[in-house]
Amino acid sequence: MKKSVWTFIVLSVMAITSYAQSSVSDKQKEAAYSIMEQSSKLLAYHGDYSATISLLIEKPNKPNENLQYKIFERTESKLMTIVQLFPEADKGVGYLRQDENIWAYDPISRKFSHTSIKEALGDSDIKIDDVNQTDKNWRKNYDVVDFKTGTLGKINVNIITLVSKTTDPAYPKVTYYVRQDIPLILKQEDYAGSGRLMRTTLCPKYSKIPSGYVPSHSIIRDELNKGENTHQIISELYFDKLPDTIFTKAYLEGLN
């Protein structure tokens, strides 16, 4: 075995061992959970709301693709309906969440099939979990494995790494970069169980409205396929009480 290869293996094992032995104090864990809970409370999504989500998908050597969805959610009840608006060929494709059950609806066959919160919207890097605003339940679903401070550009941030304790999260390991002055998530790194970086999400723009903050523009970068990005724009955000019928299969069936 060449010396350079052997050195790489030794260093890799040392890094893994060091990570496994690293510990976070109870005080740090409590601080991390508190920061993540505050970040959720600052967002405007509480109770009933509806919004339009526009996605711009960029892939090397391919024309940009545009997708648009309407989302309705009742956050405290784990109820959510997503309806595709564009392109015309996929209009009426939908998703329905009722508590832990999630269905995908095909308007052509008029059939529902079970899916998961890890399902992607179209050919984008956005998952249902990304647009779902139900309480993340940080303490139940995650364990804190690292907590430190740093900077993102010129902004002071708390850097919090969590690993999943349940099957609810879309990724088994996530690192969040949260502003220290206002606990808003500026960057999110999603990792596979192997430790490989899968996605990076950047939130460069938040809009302030009476009920809280909205990440009006997010950029999701596919780390496995370099050059592939999905831009997410949120608009037409309303907080009116929604009819119960919106969160039913009959609602999706009746749109076509």
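Look at the stretch 150-170: where a residue is over 15 Å from Leu184 (Cα atoms) and a partner is of a type in the set (A, V, I, L, M) and assigned to a loop (DSSP other than H, G, I, E, B), sitting 6+ places away or on another chain with Cβ atoms under 7 Å, you get Ala170/Ile117.
Does Gln21 fit the bill of being at pLDDT below 95 and open to solvent by 70 Å² or more (accessible area, probe 1.4 Å)? First the steps, then the outcome.
On the way: at pLDDT below 95: yes; open to solvent by 70 Å² or more (accessible area, probe 1.4 Å): yes.
The answer is yes for Gln21.
Would you be able to say whether some residue in the stretch 239-256 is assigned to a strand (DSSP E or B) and either hydroxyl-bearing (Ser, Thr, Tyr) or buried (at least 16 other Cβ atoms within 10 Å of the Cβ) (or both)? Walk me through it before giving the result.
Kept after step one, since they are assigned to a strand (DSSP E or B), are these residues of the stretch 239-256: none.
No.
Conditions (1) out of contact with any strand residue (DSSP E or B) (no Cβ under 9 Å at 6 or more places or on another chain); (2) of a type in the set (A, V, I, L, M); (3) at pLDDT 95 or above, marked per residue:
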site: Val145; (1), (2), (3): no, yes, yes
site: Thr151; (1), (2), (3): no, no, yes
site: Ile159; (1), (2), (3): no, yes, yes
site: Ala170; (1), (2), (3): no, yes, no
site: Val178; (1), (2), (3): no, yes, yes
site: Ile185; (1), (2), (3): no, yes, yes
site: Tyr191; (1), (2), (3): no, no, yes
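Of everything in the stretch 156-187, what is within 17 Å of Ser218 (Cα to Cα) and over 15 Å from the mean Cα position of the chain (by Cα)? Give them in sequence order. Within the stretch 156-187, Arg179, Pro183 meet the criteria.
Residues in the stretch 67-89 that are out of contact with any Ser or Thr (no Cβ under 7 Å at 6 or more places or on another chain) and either open to solvent by less than 50 Å² (accessible area, probe 1.4 Å) or in a strand (DSSP E or B) (or both): Tyr69, Glu73, Arg74, Leu79, Met80, Thr81, Ile82, Val83, Gln84, Leu85, Phe86, Pro87. Can we say Pro204 is open to solvent by 20 Å² or more (accessible area, probe 1.4 Å) and touching a Phe, Trp or Tyr at 6+ places or on another chain (Cβ under 8 Å)? Judged against the criteria, Pro204 is not a match.
The values are calculated or read from the model by the stated rules, or taken from the named source; none is laboratory data. For clarity, every value in this text was computed on a predicted model and none was experimentally measured. Here Cβ is always computed from backbone atoms with ideal geometry, including for glycine, and neighbour counts include all displayed protein chains. The protein model used for the area step is the full one, side chains on, heavy atoms only, and it has no ligands, DNA or RNA in it. Shrake-Rupley method; radii C 1.70, N 1.55, O 1.52, S 1.80 Å.
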